[in-house]
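Every number in this text was worked out from the coordinates using simple rules, so none of it is lab data. What you see is a predicted model, and the numbers here were worked out from it, not measured in a lab. Virtual Cβ from ideal backbone geometry, glycine too; neighbours counted across all protein chains shown.
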Amino acid sequence: QDMQAVRDKLDSIHSELRNSRLFVATHMHAGDGNVHTNIPVNSNDYDMLHEADLVVERIMAVATTLGGVVSGEHGIGITKFQFLGESAINEFAEYKNNVDPNGRFNRGKLATGSGLENAYTPSLRLLQQEALILEASELGDLNNAIKDCLRCGKCKPVCATHIPAANLLYSPRNKILATGLIIEAFLYEEQTRRGLSIRHFDEMNDIADHCTVCHKCAAPCPVNIDFGDVSVRMRSILMAHGKKRTSLGTRASMAYLNATDPTTVKFLYTGLIRWGYATQRLGNKLLKKLNPFKLPSRPTHTYERVSVPVQLVHLTDKALPNKLPGKTMRAMLGLEDSKTVPILRDPSKFSDEMESVFYFPGCGSERLFSQISLATLAMLYENGAQTVLPPGYLCCGYPQTSGGDVAKGKKISTDNQVLFHRLANTLNYL
């Protein structure tokens, strides 16, 4: 016990040395001579980084002495550039000027001044020290949600926004890479006091918009990253800063889903669903006959906003349903009162053993395609069950949450849970 302080000091020294210990991991290609060397370092340990640089210099010297070259399978990047000879740099610059005089490919790369001297990347191991910056810009949770990505690409085949024929930007893997770059840009501008560029929000909008929040990418991911949740988080950040892009159609749809007053619902149902669908079907017929817009056979890139003609073609590509009910399910059955709990049953089949079903139609089958909820109620009625409906027009809150309005979605969800618990307690005799 007298030596506890000494033991603690030794443990501290041992831990520090163990964490900063360097080793060179190698793996090789049989037959072609490629040797990959990886040197894991802690990006917040300056002494370790400096020592790793010395190790790299020694490895490059050994490779050259043995008659090898420093290029290897993956070519030259910013870490290897300093080990190229001046003649090789000049020869490449001359070749690049001949084949790419305007510098369209990898602008500024593999040219004088493109090494590590001007490179910048924040240390993600210093996030604790940058906690105030991350908290102020709400990027800490976003970084934690994507930091474990292995870049394996197993998410790509199932992603609805990954269209290789159009672009390669919007698979979950590539969107995670882009999100990491945006986080670095935010940190850099906060650290250097340059002020945040509005373009970062535009780029984040572009990433967040390219997600249907279907969550299909979560299943194949070996580290359990759900990019649907990541997209919701990005949309929430954008909405909190007033930078989220929205369209007129999105705003109208959300207004319809948020409406609970029967008169408002009736007005929006008539305008958006009945008249809106009819207008879309008319546009579908006219554009098919006239065909004024010639689109390329291959899908075009979806970076930034698409042109109005392309939007029109996609909007009217397939005709929306024609045979829709004239009213919502609740309007047809006279169940719009928010203070009344409807219970539907066949009196001729009533008994004490009658099964009771609580049915929450949701906005899709109640406000959009009422025939679904009507068919469900008819089936339960025919099979002798009594069906309890929640009072008034309700929404589950998921459209609001997935659109980035997390506070609104959570409030709707909580209000629904409270209401349903009260219903269960009041009607427990059923």
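General observations
- For segment 304-430, the gyration tensor built on C-alpha atoms gives an oblate shape. Its axis ratio a/c (a ≥ b ≥ c) is at least 1.5, and a/b is not larger than b/c.
- Listed residue pairs exceeding 18 Å between alpha carbons, taken from 244/408; 109/154; 154/216: 109/154
- Rounded if a/c under 1.5, otherwise prolate or oblate - segment 261-315, Cα gyration tensor axes: oblate
- For segment 151-283, the fraction of C-alpha pairs farther apart than 19 angstrom is 62 percent.
- Taking the C-alpha atoms only, the angle from helix 198-209 to the longest principal axis of the chain is near 60 degrees.
- Once the C-beta distance of residue 20 and residue 104 is scaled by a Förster radius of 45 Å, the resulting FRET efficiency is 0.60 to the nearest 0.05.
- Summed residue charge, Cβ within 15 Å of residue 97's Cβ, Lys/Arg positive, Asp/Glu negative: +1
- Chain lengthening between residue 353 and residue 95 when straightened (0.36 nm per residue, less Cα-Cα): 84.2 nm
- For segment 380-390, 3J(HN,Hα) per residue [Karplus equation, 6.51 cos²θ - 1.76 cosθ + 1.60, θ = phi - 60°, Hz, x = Gly/Pro]: 5, 4, 5, 8, x, 9, 9, 10, 9, 10, x
- Considering only the Cα atoms of the chain, their convex hull presents on average a projected area of 35.8 nm².
- Fluctuation leader among 361, 309, 390 - the chain, Gaussian network, Cα springs under 10 angstrom: 309
- Cα-based reach from residue 285 at 20 Å (exclusive), listing lysines while leaving out same-chain residues under 8 positions away: 294, 318, 323
- Between 0 and 90°, nearest 10: helix 227-240 axis offset from the chain longest Cα axis: 80
- Taking the Cα centre of segment 4-118 as origin and assigning +1 to Lys and Arg Cβ atoms and -1 to Asp and Glu Cβ atoms, the resulting dipole is close to 200 debye.
- GNM on the chain, alpha-carbon springs under 10 angstrom: the most fluctuating residue among 139, 22, 394 is 22.
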